């Protein structure tokens, strides 16, 4: 069964802290994604990785960075957390190819920055 | 650029009644179309997709959607809803030539009442 796991379901951090959100997939997928989900805005792509050590900015990369040192793991980093980064963060993965490949989502991490 | 509009933020309906969740998209190029469902405290799950072929697409849990190119719509329907269908539903599109990048609508919360 396809599985994408995220290290925490709920996380509370303070303004200015460095925050790491971890995502692991067991499907040998090349592509991995980080989305942010906010009420009334749907999901917005923060960063995308198509291979180890490769990344592309999504629609809202400001204030975030990512790391992909191993194929199965994709980390989202908030260098200095701010209250406007309080949100639900969803990780996804898919195969890479010229045609459409389904994205599989993790359960999400609800981050609160105080 | 592509965009997706889900005009209804919430749709209340009684159990066993039919439901339609509306989705309109805008794109200057050909797209693939999707509906995802998010049950409470879970990640997103693919309900159905339109890639090509028949414009009437059937998905899981008795849902179906019809692609209407002239009206740029992809409305989701179910003839008889259950309490368990209570969830948030997201419409999404992706360019055929860049099918990794999903653009999501703002979501519609379906609330099924007994």
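Coordinate-derived values only; no laboratory data. Quick caveat, the model's predicted, so the values are computed rather than measured. Methodologically, a virtual Cβ is constructed for each residue, glycine included, from the backbone with ideal geometry; neighbour enumeration extends over all protein chains shown.
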Roughly speaking, what % of Cα-Cα pairs in the protein assembly as shown are separated by over 24 Å, rounded to a whole number? 44 percent
Based only on other Cβ atoms within 10 Å, what is the fewest-to-most ordering of A:30, B:16? B:16, A:30
Could you check the simple spin-label distance between residue B:97 and residue B:80, using points 7 Å along Cα→Cβ, in nm with one decimal? 4.7 nm
Provide a whole-number value for the mean count of partner chain Cβ atoms within 10 Å of the Cβ atoms in peptide A:29-41. 2
So if we plug the beta-carbon distance of residue B:64 and residue A:5 into 1/(1 + (r/R0)^6) with R0 = 41 Å, what FRET efficiency do we get, rounded to 0.05? 0.85
For each of B:29, B:57, B:11, count neighbouring Cβ atoms within 10 Å of the residue's Cβ, then give the residues from fewest to most. B:29, B:11, B:57
Between residue B:11 and residue B:71, what length comes free when the chain is fully extended (0.36 nm per residue of separation minus the Cα-Cα distance, one decimal in nm)? 19.4 nm
First measure r as the distance between the Cβ atoms of residue A:65 and residue B:51, then evaluate 1/(1 + (r/R0)^6) with R0 = 35 Å and state the FRET efficiency to the nearest 0.05. 0.55
What ratio of Cα Rg to 2.2 N^0.38 Å holds for chain A? 1.00
With Kirkwood's inverse mean 1/r over C-alpha pairs for Rh, give me the Rg to Rh ratio of the range A:61-112, two decimals please. 1.02
Take residue A:99 and residue A:28, extend 7 Å from each Cα along the Cα→Cβ direction, and tell me the distance between the two endpoints in nm. 2.0 nm
